[in-house]
Amino acid sequence: MEFVHLENQQLVDPRHVNTYLPRRSIGLCPNSNLDPQVRHLPPPDGVLGFRGNPDVILRMEMERSMSLFQIMGDEGLVPSQEEEMKRRNAIDKLKKIVREWVQTVAYHHGLPKRYLRFASGTILTYGSYGLGVHNSESDIDALCVGPCFATIEEDFFIVLHKILASRPEVSDIHCVKGAKVPLMRFKFDGISIDLPYARLKVISIPEDVDVFNPFFLKNIDDTSRKSLSGVRANRRILQLVPNVEIFQAVLRCIKLWAKRRGVYGNLLGFFGGVHLAVLSAFICKRHPTASLSALFFIFFKTFAFWPWPTPVVLQDGVAWPFIPMDKVLWMPIQLPCSPYQLCHSNIVRSTFLKIKNEFMRGYMLTKDRPNLDWNILFEPFPYPRKYGKFVKIFLLASDKDELGDWLGFVKSRFRCLIIKLEELLGFCDPNPTEYVDVDASDPNAVFYWGLPPARTDMINIGHVEEEFLNSTKNVYQGPTGKMKLSIVQADQLPQKAHFGSKRQSAKPCWRIVRSNQRKVPAYYKYQPIRVDRYLTTNACPEYQSAGG
């Protein structure tokens, strides 16, 4: 179990973290739109953490920032121009397929000929690719936006699925209908793509469709609204940050830190990409002229002392989100687009404690250190040294497609398992990294979650396994794979798990692990969106109007 030294030399014990809250402000940057508890932000822009000759400090700050850029290159956080072009070509091909699919569906639905030629759909990217912070191994989150007559049940999951499955560029395609946001998952020219669907109340959808236009959000179904939220949040973030490229650099480094320290992975109770994007944008927006290294320091100083559960609100002048009194939200973060709801979060007490300690560790390492070695900050979390015992979660299936579906479903319910282990043991640290048992003959995935040393001998892990599997009955629709829970000692961990390696790149065996190549920065250039034209359903009497 990890303890972190504070400024007052006290220790943060994860079991007692609820008793620790900052009792004093940590800066002098008032904001009338914020609660009095969070009106005080870190010091103003500039060189932070130490004093000296301004010229010397400026040079040191530049060197610190350049070293961060160097780490980004060394770690492959920026794709090469060749890799970037491959992704753009894949998206362009996918857009063409979607346009042809819409024309086919329009014809079969009997759309009047005078409107047939106007019928169109498009692809909008979001996630790490949409924000321009993807790397060579990143998936692409791509939203298929279709017209009013193209249904998700038949036209998307059946017709488009068949079209994609017949293409030589597409492989490993399967539908994930039971997810919170239903989608198709496949590889296009070797690039993994998640493709949800949103249906708008129009016939023609231009490529530069304005996702903020309230007309498009009027009378659409709940699934389409959820699918659009990722695109809208990404684009609002890029509009709010003062310098897109600096924001991208900050977010790339923060994501590397979160992955190395084991606090990245929404399904495992940690931060997801949108959470880190909002937190990084929050810092960049309030310190528009700060350097990369200064923003890094401010990030840790701000959130190490943030008075959680006060929500983080990126957009000024927006009311705080409604938080039900009977609901526990450990780290609420608001989406920066209407209806300004909270980002979906699976954070529980155990993961909250881990994140708090990692924020404090980052703050203690970056403050007052002009010659900081960034490699120490990005050092992988030492699981075997921190925990004497682990719960091993072994998932097995007969083939890779079955395992992909089974693993996705089990991970979507991991929060229930974490809470159960919390109830029995008081704490659980779910290492988000997926490993693979290469000695097993069938496709598999393995997780190792750190446990506190006390009381583990009294836990009936077989009963926990049975209770968890019973909760999945009558919920999972596909072929059920196998699951085995067991308690293992730290010295029983297989060497091939690579807990202490810098690159925790172990992947489940059905995924492709690409070799490292020299990376050439190719920053995403954000262009403001606009809409030139669209046909409303008012023009077609066969379809109901969306209004507006």
Among the residues that make up the range 168-176, is at least one of them open to solvent by less than 20 Å² (accessible area, probe 1.4 Å), over 26 Å from the mean Cα position of the chain (by Cα) and not hydroxyl-bearing (Ser, Thr, Tyr)?
no
Going through 133, 145 one at a time, which residue ends up being of a type in the set (Val, Ile, Thr), in contact (Cβ under 8 Å) with a residue 40 or more places away in the chain and not in a loop (DSSP other than H, G, I, E, B)?
145
Is there any pair with a first residue in the range 210-224 that is under 10 Å from residue 199 (Cα atoms) and part of a loop (DSSP other than H, G, I, E, B) and a second that is of a type outside the set (Phe, Trp, Tyr) and open to solvent by 20 Å² or more (accessible area, probe 1.4 Å) whose Cβ atoms are under 8 Å apart and which are 6 or more apart or on different chains, and what are they?
220/199; 220/201; 221/199
Residues of the range 452-492 classified as of a type in the set (A, V, I, L, M) and under 19 Å from residue 442 (Cβ atoms), total:
3
For residue 424, state whether it is at pLDDT 90 or above and open to solvent by 40 Å² or more (accessible area, probe 1.4 Å).
yes
Could you check residue 331 against (1) under 24 Å from residue 427 (Cβ atoms); (2) open to solvent by 10 Å² or more (accessible area, probe 1.4 Å); (3) not polar (S, T, N, Q) and say which number it fails?
(2)
Cβ pairs under 9 Å, 6+ apart or interchain, first in the range 151-168 and closer than 16 Å to residue 99 by Cα and touching a residue at least 40 places away in the same chain (Cβ under 8 Å), second charged (D, E, K, R) and assigned to a helix (DSSP H, G or I), ordered by first then second residue, are 163/100; 167/93
Scope the range 235-286; condition part of a helix (DSSP H, G or I), open to solvent by 10 Å² or more (accessible area, probe 1.4 Å) and without any contact (Cβ under 8 Å) to a residue 60 or more places away in the chain; matching residues:
246, 285
Given the structure, is residue 230 assigned to a loop (DSSP other than H, G, I, E, B), buried (at least 19 other Cβ atoms within 10 Å of the Cβ) and either modelled with pLDDT under 95 or among the small types (Gly, Ala, Ser) (or both)?
no
Can you tell me which residue within the range 472-491, out of those that are in a helix (DSSP H, G or I) and surrounded by 13 or more Cβ atoms within 10 Å (Cβ to Cβ), is modelled with the highest pLDDT?
490
So, of the residues in the range 195-209 that are touching a helix residue (DSSP H, G or I) at 6+ places or on another chain (Cβ under 8 Å) and either open to solvent by 10 Å² or more (accessible area, probe 1.4 Å) or at positive phi (or both), which turns out to be modelled with the lowest pLDDT?
207
What number of residues in the range 411-444 are of a type outside the set (Asp, Glu) and either assigned to a helix (DSSP H, G or I) or in contact with a Cys (Cβ under 8 Å, 6 or more places away or on another chain) (or both)?
16
Would you check which residues across the range 459-471 are among the hydrophobic types (A, V, I, L, M, F, W, C), touching a helix residue (DSSP H, G or I) at 6+ places or on another chain (Cβ under 9 Å) and outside any loop (DSSP other than H, G, I, E, B) and list them?
464, 468
Please pick out the residue among 404, 362, 408 that is open to solvent by less than 20 Å² (accessible area, probe 1.4 Å), in a helix (DSSP H, G or I) and over 30 Å from residue 454 (Cβ atoms).
404
Count, please, the residues in the range 179-194 that happen to be part of a loop (DSSP other than H, G, I, E, B) and open to solvent by 30 Å² or more (accessible area, probe 1.4 Å).
4
Which numbered condition residue 347 misses (of (1) of a type outside the set (Phe, Trp, Tyr); (2) assigned to a loop (DSSP other than H, G, I, E, B); (3) at pLDDT 95 or above; (4) surrounded by fewer than 21 Cβ atoms within 10 Å (Cβ to Cβ)):
(4)
Candidate set from the range 365-378 (those that are over 19 Å from residue 256 (Cα atoms) and not basic (Lys, Arg)); member that is least open to solvent (accessible area, probe 1.4 Å):
370
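The values are calculated or read from the model by the stated rules, or taken from the named source; none is laboratory data. Keep in mind that this is a model prediction, so the values were computed, not measured. No Cβ is skipped: glycine too gets one built from the backbone with ideal geometry, and neighbour counts run over all protein chains shown. Surface areas here come from the heavy atoms of the whole protein model, side chains and all, with no ligands, DNA or RNA. Shrake-Rupley method; radii C 1.70, N 1.55, O 1.52, S 1.80 Å.
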